[in-house]
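Q: Please find one structure pasted underneath; my questions will follow.
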Amino acid sequence: MGSAEIRRFQRRADDVAEFLKAHLVGESRVRIIAHIDADGIAAAGILARCLYAYNTPFHIMFTRPLKPAEIMELSKEDYDLFIFVDQGSGQIAAIHKFLLSKECDVLILDHHPSDFPEHKNLAYLNPHACGLNGAKDVSAAGAAYSVVEHVDKNFKPLVGLAIVGAVGDRQEFFSGFTGVNEVLVKRAIDLGLIRVSTGLKLIGRSFSQIAECLRLSIRPYLPSISSDPTACYALVESLDISPKSTIDELGQEMEGKLGDALLARVGQVAADENFRYTLLGTVYTLTKGATGPRDVRDQVAMLDACGKFNKAELGFAVTVGDQVVLTEALALLRIYQEHMVGVLRWLTANIDTFRITPHMRCIYAEDAIEPTMIGEALSLAMESGIIATDRPVIGLVDAGAEELKVSARATPGLAMRGANVGLALARAAEAVGGEGGGHDVSAAARIPRRRMDEFTVVLDRALAGNHGA
Ligand code: C5P
């Protein structure tokens, strides 16, 4: 992925900015439909700041990608411009059928793959259309930023939110950022908007007292520390740290000592590559104009928690500068962490119940984990070194009396070797009268409970098939 593709993306951003400007200077009313996760919320925040600056009225909704029937309903609403943020690419057929056909203007700022029709009412910025990879080179927030930056250079301070979106979509890898993301991080550093350092990547490092930050740690889960307040306070005391400090306030030397003490305490997981990468590495601090937590991962965790509790508007309000709701948004993050730390404790205690088949590790957790939590719990458990990542990981949980929810996760490394849990899950679910799908590294399904054993056999075979074993 070279600089030619990045330049193509920037040129397209400029064209899209012209399309948007026509609505900013007129009497347009705008409808924004944004995805309900950290990237979608950050992207919506960037766009909204631009619309506010031009006094352009807009109405915003946060939702999972709309279904065709919902887009049909949307087309009955009276707006001059519909903007799809972090979604829209996968819905292009319905958007064409219900919105473009009525000559409604549509703007799509997204990073999911699609083929776009040429249409005079349509503008879009999508990395895939420029030869870039939307899974790692730029997020929806990066796309939104790239457009508003071309609308007016005064929007440059919003670049921090673009990095929030990229981190939110897990676009940072062992070797750092690539593509447009890499350019945006460099720009943020040059503008003095972000500080990049090395340290502990724990959620809450910029706003939570250290012992509390450790107790609620889910990324990574810290064995014999997370969820154990006594152990957390004892560790802080043993290092002679002020109990009221945040990790941010410790200073480099003391933070290093805390990191060493954690590695010494967590046991054998300290040697695990995933665990170490999740615990230690690059820390991004917003140094100017942050409207929420200064730490980028803290900001991401807060926005994600708002989305998970269906209160994306709270996170959005923080991104556009509402300090009053910040406390409420952080309270949601705390509730989420309290819950998830319990789920990860359960997984750690029950790790021996994972069944290892030739092509997957699989657990049936009955009703110990909620259907909405199992997928993220598996991701966090893999990142924390709780579950080995040598093969895809599958979790099954009860979803009512008749149904099971299935979540599947694979690492990018497994996907590169050909594993595709999305395809395998879709195929295996269909074979037992269920329904499912997703991406190569993350997928979900619903299946009839009574066919669980048959399903796991078919799934193992499907996983074998899609990486050529
Ligand atoms: O629920 P969970 O977090 O495990 O979902 C994993 C991923 O699978 C999500 O990104 C979801 O959008 C995707 N998915 C899908 N098609 C389905 C079910 C889930 O793309 N039928």
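Q: Does segment 406-421 hold any residues that are within 12 Å of the ligand (Cβ to nearest atom) and surrounded by fewer than 22 Cβ atoms within 10 Å (Cβ to Cβ), and which are they?
A: None - no residue of segment 406-421 is within 12 Å of the ligand (Cβ to nearest atom) and surrounded by fewer than 22 Cβ atoms within 10 Å (Cβ to Cβ), so the list stays empty.
Q: Working only within segment 422-432, note down all residues that are more than 23 Å from the chain's Cα centre (by Cα) and open to solvent by 60 Å² or more (accessible area, probe 1.4 Å).
A: Scanning segment 422-432 gives ARG427, GLU430.
Q: What residue, among those in segment 377-392 that are without any contact (Cβ under 8 Å) to a residue 60 or more places away in the chain and within 11 Å of the ligand (Cβ to nearest atom), is surrounded by the most Cβ atoms within 10 Å (Cβ to Cβ)?
A: Once the filter is applied, the top-ranked residue is ALA377.
Q: Let me ask something else. Looking at ALA69, ALA42, which one is under 17 Å from GLY321 (Cα atoms), open to solvent by less than 70 Å² (accessible area, probe 1.4 Å) and assigned to a helix (DSSP H, G or I)?
A: Criteria check complete, one pass: ALA42.
Q: Those residues that are part of a helix (DSSP H, G or I) and open to solvent by 40 Å² or more (accessible area, probe 1.4 Å), I need them from segment 305-329; list them, please.
A: Across segment 305-329, the qualifying residues are LYS308, GLU313, THR327, GLU328.
Q: If you don't mind, there's one more thing I want to ask. Give the residues of segment 82-125 that are acidic (Asp, Glu) and surrounded by 24 or more Cβ atoms within 10 Å (Cβ to Cβ), sorted by residue number.
A: Of everything in segment 82-125, those that are acidic (Asp, Glu) and surrounded by 24 or more Cβ atoms within 10 Å (Cβ to Cβ) turn out to be ASP86, ASP110.
Q: Hey, another quick one. Taking the condition of being open to solvent by less than 40 Å² (accessible area, probe 1.4 Å), at pLDDT 95 or above and outside any helix (DSSP H, G or I), how many residues in segment 258-291 meet it?
A: Qualifying residue count, segment 258-291: 6.
Q: Any idea which residue in segment 17-35 is farthest from LYS120 (Cα to Cα), counting only those that are in a loop (DSSP other than H, G, I, E, B) and modelled with pLDDT of 95 or more?
A: ARG29
Q: Here are some conditions: (1) charged (D, E, K, R); (2) in contact (Cβ under 8 Å) with a residue 40 or more places away in the chain; (3) in a loop (DSSP other than H, G, I, E, B). LYS76 meets all but one. Which one does it not meet?
A: (2)
Q: For segment 446-467, what are the residues that are over 21 Å from ALA135 (Cβ atoms), open to solvent by less than 70 Å² (accessible area, probe 1.4 Å) and either without any contact (Cβ under 8 Å) to a residue 60 or more places away in the chain or touching an Asp or Glu at 6+ places or on another chain (Cβ under 6 Å) (or both)?
A: ILE447, PRO448, ARG451, PHE455, VAL458, ALA462, GLY465, listed by residue number.
Q: For segment 435-443, indicate whether the set of residues that are open to solvent by less than 10 Å² (accessible area, probe 1.4 Å) and more than 18 Å from ALA368 (Cα to Cα) is non-empty.
A: Taking every residue of segment 435-443 in turn, at least one turns out to be open to solvent by less than 10 Å² (accessible area, probe 1.4 Å) and more than 18 Å from ALA368 (Cα to Cα).
The values are calculated or read from the model by the stated rules, or taken from the named source; none is laboratory data. Quantities reported herein were computed from a predicted structural model and do not represent experimental measurements. Backbone-built Cβ (ideal geometry, glycine too); neighbour counts: all protein chains shown. Surface accessibility is based on the protein's heavy atoms, side chains included, excluding ligands, DNA and RNA. Shrake-Rupley method; radii C 1.70, N 1.55, O 1.52, S 1.80 Å.
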